[in-house]
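Note sheet for the following structure.
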Amino acid sequence: MCGRYNFTPLSNEVVRALYEQLQLEFPDEPIKTGEIFPTDTAPVVTAKGPTLMTWGFPRWSGPGEIINARQETITEKPTFKKAYAESRCLIPTTGFYEWTHPEDGSPKDKYLFFNEAPILWLAGISKIIDGEMYFVIITTGANESVASVHDRMPVIVDDDHKTLWLTDGKAASLILASNQAKLQRLPVSA
């Protein structure tokens, strides 16, 4: 599961350029930076270019938002199927957070996962609901970089595959199936 991620424009020139582009395109919209939480409006890249969307599909019943979609069932569940086929997106991050889940009830440890790339691209899907744009992050089983902390992680799209993810359904299926990004982690104060 991915319940929070980071978007820090000061971290490097690539992230700063994306942030500045969004500031020009959306001068009246505050652009959330730092730790991004569900329901925040945050930068997202679609086939048409960068934009701002709210994280989490509204639920038709029950509390909270749907913030993640499982890679294993995304093509089957009615909530995600059409968005996956037609509205894939990328969530630019400078890392994502996961927490340990100790069975003995001891406090959870929080970690930031990142790699050496200027931007870590998380796979997502988007929808327009009542005129507003929303996105969710696609998750998969954790690879060896994350498994010791959590059993799920976001699907990461390599920089070389961004356009394929956004525009080619067959390539998107292959990208979902391969999640071998090597990540580093830092402990974070909770």
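Being more than 29 Å from R59 (Cα to Cα), exposed (fewer than 15 other Cβ atoms within 10 Å of the Cβ) and not hydroxyl-bearing (S, T, Y) is a condition met by at least one residue of region 130-144.
Checked against the criterion of being surrounded by 14 or more Cβ atoms within 10 Å (Cβ to Cβ), over 15 Å from the mean Cα position of the chain (by Cα) and either of a type in the set (A, V, I, L, M) or part of a strand (DSSP E or B) (or both), the candidates A117, A69 yield just one match: A117. When Y97 is tested against (1) surrounded by fewer than 15 Cβ atoms within 10 Å (Cβ to Cβ); (2) part of a strand (DSSP E or B); (3) among the hydroxyl-bearing types (S, T, Y), exactly one condition is not met: (1). Given the structure, is I74 in a loop (DSSP other than H, G, I, E, B), hydrophobic (A, V, I, L, M, F, W, C) and crowded, with 20+ Cβ neighbours inside 10 Å? For I74, the condition - in a loop (DSSP other than H, G, I, E, B), hydrophobic (A, V, I, L, M, F, W, C) and crowded, with 20+ Cβ neighbours inside 10 Å - is met. Please find, within region 80-94, the residue that is farthest from L183 (Cα to Cα) out of those that are hydrophobic (A, V, I, L, M, F, W, C) and part of a strand (DSSP E or B). The selected residue is C89. If you check F96, F114 for being touching a Gly at 6+ places or on another chain (Cβ under 7 Å) and in contact (Cβ under 8 Å) with a residue 60 or more places away in the chain, only one passes: F114. Within region 1-50, the residues that satisfy the criterion of being surrounded by 13 or more Cβ atoms within 10 Å (Cβ to Cβ), charged (D, E, K, R) and outside any helix (DSSP H, G or I) are R4, K32, E35, D40. Filtering E76, E35, E20, E86 for residues that are acidic (D, E) and under 15 Å from Y5 (Cα atoms) leaves a single hit, E35. Scanning region 160-190 for residues that are assigned to a helix (DSSP H, G or I) and either surrounded by 14 or more Cβ atoms within 10 Å (Cβ to Cβ) or touching a strand residue (DSSP E or B) at 6+ places or on another chain (Cβ under 6 Å) (or both) gives H161, K162, L164, W165, L166, A171, A172, I175, L176. Specify which of the listed residues (R16, R88) is basic (K, R), touching a Leu at 6+ places or on another chain (Cβ under 9 Å) and farther than 19 Å from I137 by Cα. The unique qualifying residue is R16. Among the residues examined, Q21 does not qualify as within 18 Å of T139 (Cα to Cα) and not hydrophobic (A, V, I, L, M, F, W, C).
FYI, it's all coordinate maths here, none of it is from the lab. A quick note: this is a predicted structure, and the numbers were derived from the prediction, not measured. Positions of Cβ are generated from backbone atoms using ideal geometry, with glycine treated the same way; all protein chains shown enter the neighbour counts.
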